[in-house]
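Notes follow the structure.
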Amino acid sequence: MPTDVIMPALGMAQETGTVVAWKKHAGDQVVKGEPLLEVETDKAVVEVESPATGTLASITAEDGAEVPVGVAIAVILSSGESPPQSLGRPSAPSEARLQPASPKARRLAAESGLGLGAIAGTGPGGAVVSTDLPEAAEESELEVGRTWRIMAERTATAWAAPHFYLTREVMAEGLLAAKSDKVTVTDLLVKLSAATLKRHPQLCSAWRQGHLVKSRRISIGVAVASEDGLTVPVLHDADRKSLAEISAWREGAVERARSHRLHPDDLEGGVLTISNLGMHGVDAFTAIINGGQASILSVGRIAERPVARNGKVEVAQTMILTLGCDHRAVDGARGALFLKDLVAAIEEAR
């Protein structure tokens, strides 16, 4: 029987997804697992794979269309099969004209009393964007990309959590000795953080709808910046991975994040995020916790700094770590104990 292509959901609060671009067209032959389309959700722009092998048919959501999650937007037909009589919930013409329109275009149109139905859109799939509106010509706002808008919305939501921060300066000679052309400081921190989390299960929990929910897996996100914005791919079961596996995953995840080829599974399940700005010369900073997680580790640069050793002042290679925690899931004492053990693991690294 025909296999539905479904608008995916990446979170419990997500209600809709937007088709960014189809990589295949109706009538094309597709293979199970190959990239089929790009979809924008409330978390990121992700790549949706074909759920079956066959012929793509009955596409009901064109580029720019906003569709409720769980709704079929196309089908994959096996040899000899016919498309179903109806599929998904296509919008009426007047409604469809409003649904691809960008949020900024809808806002400006409402403020100016303009109807979007008569405006020719230049965005994806004919979507109306702000520059299509004559009254928007004098606006100085920038039309940001999807990834940036998602980042802005998610960080604003995440900031509502009660954050607190703990900071430690760490001797980093061991990290420098352990890193190589293939293995980065971030890779080492993923490995050491995962091992430390096994001894601190409270930090593998998250506060959700009035309940403290513990994850059975130790999965760690790594913040990836690009010209489009910030995304956080997640390495599942990081505590079971070798350094070589972590390094290979990180290299691939960065490339997929920057080329909008992340899969839905790449963004779910993290318990801790590592955000490293050391390569940009930042000494220390306080990051915003990634939504649905309990903590985030902000990593500054490794630099020569004065330290006290055996009653004398010496120069040593150190870095500054800042652990941000959601106080609903982690209290100060538990956060401090985790950071203490992580610092010890870093300083013992070789």
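A few notes on this one:
- Taken residue by residue, the range 308-322 has no member that is hydrophobic (A, V, I, L, M, F, W, C), out of contact with any Lys or Arg (no Cβ under 8 Å at 6 or more places or on another chain) and surrounded by 14 or more Cβ atoms within 10 Å (Cβ to Cβ).
- All of Ser205, Ser275, Ser247, Ser193 fail the test of being at pLDDT 95 or above, in contact with a Lys or Arg (Cβ under 6 Å, 6 or more places away or on another chain) and among the hydroxyl-bearing types (Ser, Thr, Tyr), apart from Ser247.
- Given (1) crowded, with 22+ Cβ neighbours inside 10 Å; (2) of a type in the set (Asp, Glu); (3) at positive phi, index of the condition Asp187 fails: (3)
- Any chance Ser180 is assigned to a loop (DSSP other than H, G, I, E, B) and either closer than 30 Å to Trp22 by Cα or not assigned by TED's automatic domain parsing to the domain that holds Leu37 (or both): yes
- Lys24 meets all of the listed conditions (1) out of contact with any helix residue (DSSP H, G or I) (no Cβ under 6 Å at 6 or more places or on another chain); (2) in a loop (DSSP other than H, G, I, E, B); (3) modelled with pLDDT under 90 but one, namely (3).
- Single condition Ala206 does not satisfy, out of (1) under 27 Å from Gly278 (Cα atoms); (2) surrounded by 21 or more Cβ atoms within 10 Å (Cβ to Cβ): (1)
The values are calculated or read from the model by the stated rules, or taken from the named source; none is laboratory data. Fair warning: this is a prediction, and the values are worked out from it, not measured in the lab. We place every Cβ from the backbone using ideal geometry, glycine too, and count neighbours over all the protein chains shown.
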